[in-house]
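S.K.: I am attaching a structure below and will ask some questions about it afterwards.
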Ligand code: SAH
């Protein structure tokens with residue numbers, strides 16, 4: 001087992017020792033590698049072994065650590081990691097839940113790899129040139145996990161371009177996929193469209209927020225904005241909401257949402273559930289023209305408006321406009337669950353946007369809860385870059 005050696009500048013080992021998984025280009029003293037994705041041995045300026053990582057010669061994130069040990073990276077390596085991560089993650093899942101994020105990439109020590117499990121199906125995504133070389137090992141190790149009967153790849157993500165990789169079509173590596181995949185969450189039967197849905201088919205990261213909605217939606221009239229497959233709407237109904245309007249621009253997402261409602265025994269007529277295919281901004285502006293509404297709960301979980309640093313300013317404006325429009329609809333006692341999944345926008349930044357939005361709408365509010373990504377989407381203390389989701393539950397006071 002011999003790999004090219006990369007020596008770090010003095011002091012650059014400290015973040016790694018605290019658990020940060022990256023070495024930036026400016027931290028490197030000496031390197032002799034050209035191949036994107038090559039495995040390298042990382043050593044401190046004193047010569048101490050720090051771990052093995054994958055190297056990218058032109059990315060500012062030059063090395064991503066794979067292991068702190070000198071070991072073989074083979075199918076067994078991935079299998080053992082998956083087994084360990086699964087037992088770590090299962091400890092924090094609610095009962096009757098078998099949809100979870102098995103691997104949250106760099107924060108879980110497997111850089112560039114996402115794995116979501118939906119019941120008996122594992123769906124993975126590769127983001128980096130390093131992980132790209134391990135595709136077959138990953139697929140094989142996943143297929144060996146107990147209970148897994150199919151392995152799907154969804155490497156159709158923009159992020160791959162930054163590593164010089166192309167966007168791939170969805171692929172089934174093991175087993176068969178026959179339509180949306182059922183899985184359980186806190187006793188509800190949900191569906192993930194693993195081949196055609198967004199991301200890996202479902203937004204597992206909002207699980208704790210769905211619990212919160214279930215706890216707080218009783219007797220309320222709810223707008224579930226950017227509903228995707230209506231999972232927040234389903235949680236609200238389960239919590240006793242008297243009416244739920246789900247709004248999304250994707251017809252196929254809403255169709256699957258309808259399926260999920262029926263699957264859970266919801267009669268769409270009597271339960272006053274509606275699904276609206278619309279642009280949320282237009283929907284809110286039109287609603288704003290009508291006199292006072294009786295909406296008492298708004299859930300607003302938009303896509304990431306800030307995808308790069310370059311569009312952060314435009315994204316701030318979009319969050320401000322959106323949240324202002326929502327605040328305008330709510331009266332005294334109304335609840336507002338609002339999220340941002342833009343990693344570039346920190347929690348303090350998001351709260352300050354919400355403060356300004358409330359001011360523009362002439363509403364006061366108190367913070368009832370602040371949530372982040374569910375615990376299976378690991379947040380490593382030393383790696384703030386891995387935290388992206390912020391969800392705030394507010395109560396409006398006039
Ligand atoms: N809240 C969802 C996830 C939302 S993902 C859940 O918990 O499952 C973002 C969703 O916003 C996607 O379904 C996308 O189709 C939708 N979307 C994006 N821009 C939109 C717009 N301007 N108006 C309405 N829906 C939009």
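Read-outs throughout are calculated quantities, based only on the coordinates presented, and are distinct from any laboratory measurement. Here the structure is a predicted model, which means the values were calculated and not measured. Here the Cβ is made from the backbone with ideal geometry for all residues, glycine too, and neighbour counts use every protein chain on show.
S.K.: Provide the percentage of antiparallel DSSP beta bridges, counting only those with both residues in the range 245-398; round to the nearest 5.
M.R.: Taking every DSSP beta bridge with both residues in the range 245-398, the antiparallel ones total about 65 percent.
S.K.: Considering the chain as a Gaussian network with a 10 Å cut-off on Cα pairs, which listed residue, 194, 103, 172, attains the greatest mean-square fluctuation?
M.R.: Ranking 194, 103, 172 by mean-square fluctuation puts 172 first.
S.K.: Another one. Using label points projected 7 Å from each Cα along Cα→Cβ, tell me how many nm separate residue 242 and residue 136, to one decimal.
M.R.: The two pseudo-label positions are separated by 6.2 nm.
S.K.: If you take every DSSP beta bridge whose two residues both sit in the chain, what share of them, in percent to the nearest 5, is antiparallel?
M.R.: Of the beta bridges lying entirely in the chain, close to 65 percent run antiparallel.
S.K.: Along each of its three principal axes, how wide is the spread of alpha-carbon positions in the chain, in whole angstrom units, largest first?
M.R.: Largest to smallest, the principal-axis extents are 71, 45, 35 Å.
S.K.: Still on this model: Distance between the C-alpha centers of the range 162-188 and the range 79-158? Whole Å please.
M.R.: Value for the Cα centre distance between the two parts: 11 Å.
S.K.: Can you work out the FRET efficiency for the pair residue 355 and residue 255, with r the C-beta to C-beta distance and R0 = 30 Å, to the nearest 0.05?
M.R.: Calculated transfer efficiency: 0.20.
S.K.: Separate question: To check you understand DSSP bridge types, tell me what percent of the beta bridges within the range 107-153 (both residues inside) are antiparallel, rounded to 5.
M.R.: The answer is about 60 percent antiparallel.
S.K.: A follow-up question, please. If you take the beta carbon distance between residue 161 and residue 87 as r and set R0 to 35 Å, what does 1/(1 + (r/R0)^6) give as a FRET efficiency, to the nearest 0.05?
M.R.: Plugging the Cβ-Cβ distance into 1/(1 + (r/R0)^6) gives 0.50.
S.K.: Further, regarding this structure: Using just the helices of the chain, give the 222 nm mean residue ellipticity in deg cm²/dmol: DSSP H runs with n ≥ 4 each add -39,500 (n - 2.57), and the total is spread over all residues, rounded to 500.
M.R.: -8000 deg cm²/dmol
S.K.: Run the numbers on the chain and let me know its relative contact order in percent, using alpha-carbon pairs under 8 Å that are six or more apart.
M.R.: 11 percent
S.K.: Something else now. How far apart, in nm, are two points set 7 Å out from the Cα along the Cα-to-Cβ line at residue 311 and at residue 294?
M.R.: Inter-label distance under the simple model: 3.9 nm.
S.K.: Between residue 282 and residue 3, what length comes free when the chain is fully extended (0.36 nm per residue of separation minus the Cα-Cα distance, one decimal in nm)?
M.R.: 94.8 nm
S.K.: For the pair residue 368 and residue 149, how long in nm is the line joining their label points, each one 7 Å along Cα→Cβ?
M.R.: Label-label distance for residue 368 and residue 149, simple model: 4.0 nm.
S.K.: Something else now. Helix 280-289: angle to the longest alpha-carbon principal axis of the chain, degrees 0 to 90, nearest 10?
M.R.: That helix lies at roughly 20 degrees to the long axis.
S.K.: Scale the Cα Rg of the range 289-386 by the rule-of-thumb value 2.2 N^0.38 Å and send over the ratio, two decimals.
M.R.: 1.16
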